[in-house]
Amino acid sequence: MAKMSTKQKTDGRRAVARLSKAERRAQLLTTALAVVREEGTDRLSLGHLAERAGVSKPVAYDHFGDRSGLLIALYKWIDTERMNTFRNGLLSRNPARADAIEELATAYIGCAVDTSGEFHAVGAALAGSDEKADVLQELLDQAVAMFVAVLGPHSKLPPGELERRCIGLVGAGEALSMAVLRGTRSKADVTGTFSSMIAGCI
């Protein structure tokens with residue numbers, strides 16, 4: 001096999017590195033998640049991210065602005081990825097009504113009370129951030145949309161009414177999850193209650 005010339009090697013590296021802005025952002029977020037998993041949130045700075053991702057610091061700053069912007073973007077990205085994975089996986093299987101409700105309740109409560117994962121760690125690092133309240137509301141809106149998507153095929157309610165009830169269900173899910181985190185209710189009991197509430201609402 002013929003050896004590659006220096007120019008070919010250089011051009012190859014450039015081709016690999018040439019990503020669209022959306023692709024670069026995804027690469028940076030994936031790398032940021034790896035930093036959190038391997039080194040903790042304290043090590044997640046734009047400079048360290050740039051080094052781990054093999055890009056210049058200005059590239060990282062261009063995407064996120066500052067460390068707070070990076071944490072917010074990562075927080076939203078983790079939640080969106082896991083919601084999309086759950087929703088798409090469930091819809092592709094087209095489960096029966098009871099199964100869909102049980103899986104939705106179990107997944108939602110399970111994620112909300114998980115204090116060991118990267119989502120919780122990044123959220124803790126955001127404590128005190130002025131933007132966190134807005135981000136949390138955006139994530140709650142995403143959760144409502146997921147509930148509508150999962151429950152829609154099993155409900156005869158008009159779309160507007162289903163959405164309003166899903167808003168209430170997400171609020172109930174948050175309150176029930178807090179009871180588990182405070183230690184006043186068990187995860188199993190809360191999940192069963194939430195399943196019953198969902199079934200009764202749609």
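The values are calculated or read from the model by the stated rules, or taken from the named source; none is laboratory data. Keep in mind that what you see is a predicted model, and the values were worked out from it rather than measured. Note: ideal-geometry Cβ built from the backbone for every residue, glycine included; neighbour counts use all protein chains shown. Side chains are part of the model used for accessible areas, which takes the heavy atoms of the whole protein and leaves out ligands, DNA and RNA. Shrake-Rupley method; radii C 1.70, N 1.55, O 1.52, S 1.80 Å.
In the set (1) without any contact (Cβ under 8 Å) to a residue 12 or more places away in the chain; (2) open to solvent by 50 Å² or more (accessible area, probe 1.4 Å), the condition left unmet by Ala179 is number (2).
Of the residues examined, Asp62 is not one that is surrounded by fewer than 16 Cβ atoms within 10 Å (Cβ to Cβ), assigned to a helix (DSSP H, G or I) and at pLDDT below 95. Within the range 123-138, identify whether any single residue is open to solvent by 40 Å² or more (accessible area, probe 1.4 Å) and either of a type in the set (Lys, Arg) or in contact with a strand residue (DSSP E or B) (Cβ under 7 Å, 6 or more places away or on another chain) (or both), and answer yes or no. Looking for residues that are open to solvent by 40 Å² or more (accessible area, probe 1.4 Å) and either of a type in the set (Lys, Arg) or in contact with a strand residue (DSSP E or B) (Cβ under 7 Å, 6 or more places away or on another chain) (or both), one finds at least one in the range 123-138, hence yes.
Selection of the range 105-118 for residues being open to solvent by less than 40 Å² (accessible area, probe 1.4 Å) and closer than 16 Å to Glu81 by Cα yields Ala107, Tyr108, Gly110, Ala112, Gly117. A Cβ distance below 7 Å, combined with a sequence gap of six or more or placement on separate chains, defines the contacts here; from the range 76-95, residues that are within 24 Å of Ala125 (Cβ to Cβ) and surrounded by 14 or more Cβ atoms within 10 Å (Cβ to Cβ) reach residues that are at pLDDT 90 or above and aromatic (Phe, Trp, Tyr) in the pairs Ile78/Phe119; Asp79/Phe119.
Residues of the range 182-198 being surrounded by 12 or more Cβ atoms within 10 Å (Cβ to Cβ), of a type in the set (A, V, I, L, M, F, W, C) and closer than 16 Å to Asp114 by Cβ, which ones? Result: Val190, Phe194.
Residues in the range 138-161 that are within 23 Å of the chain's Cα centre (by Cα) and touching a residue at least 24 places away in the same chain (Cβ under 8 Å): 11 in all.
Every residue, every condition in (1) over 20 Å from the mean Cα position of the chain (by Cα); (2) assigned by the TED database to the domain that holds Ala107, yes or no:
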| position | (1), (2) |
| --- | --- |
| Gly40 | no, no |
| Leu46 | yes, no |
| Gly54 | yes, no |
| Lys57 | yes, no |
| Thr80 | no, yes |
